[in-house]
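Colleague: Questions regarding the structure given below will be posed in turn.
The values are calculated or read from the model by the stated rules, or taken from the named source; none is laboratory data. These numbers come from a predicted model, not from an experiment. Note: ideal-geometry Cβ built from the backbone for every residue, glycine included; neighbour counts use all protein chains shown. Heavy atoms of the whole protein, side chains included, go into the accessibility calculation; ligands, DNA and RNA do not. Shrake-Rupley method; radii C 1.70, N 1.55, O 1.52, S 1.80 Å.
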Amino acid sequence: LAMASQTVITVQPQFSAAQQPGEWQTGLLDCCSDCSVCLCGMFCFLCLNCQVAGDMDECCLCGSSVAMRTLYCTKYNIPGSILRDFCSIWCCSPCALCQLKRDINRRRAMGIF
């Protein structure tokens, strides 16, 4: 009689849905990477605020909030913390909002927003 060999599975295969760590498409102070966003953020902060909120389907005045930035970082798996988001918004609101809008624009251009 011939014996058939059997494969013994000792570890169950697992499906991993964990995303790879993301990153911001531009730095916090990369204003020159998109001058139109930077100018809008400096001279019409509320307009840019509403654009960002609209992009994310939120209330018009939520664009520069810590919650909005944290939500965005969570969605795209960008490392950081709520404290870091708070400090970015508190210390440099126009730069933080411009960074968020530049990131949205670039992800939209890549088809991943």
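Colleague: So which of Ile89, Ile104, Ile78 is in contact (Cβ under 8 Å) with a residue 40 or more places away in the chain, open to solvent by less than 30 Å² (accessible area, probe 1.4 Å) and not in a loop (DSSP other than H, G, I, E, B)?
Modeller: Ile104
Colleague: Using the structure shown, decide if Leu83 is open to solvent by 50 Å² or more (accessible area, probe 1.4 Å) and out of contact with any helix residue (DSSP H, G or I) (no Cβ under 9 Å at 6 or more places or on another chain).
Modeller: yes
Colleague: Suppose we filter segment 44-75 for residues that are of a type in the set (D, E, K, R), free of Cβ contacts under 8 Å to residues at least 12 places away in the same chain and within 17 Å of Gln25 (Cα to Cα); how many remain?
Modeller: Going through segment 44-75 one residue at a time, the tally reaches 1.
Colleague: Continuing with the same structure: If you scan segment 2-38, which residues turn out to be open to solvent by 100 Å² or more (accessible area, probe 1.4 Å) and either at pLDDT below 60 or aliphatic (A, V, I, L, M) (or both)?
Modeller: Ala2, Met3, Val8, Ile9, Val11, Gln12, Pro13, Gln14, Phe15, Gln19, Leu29
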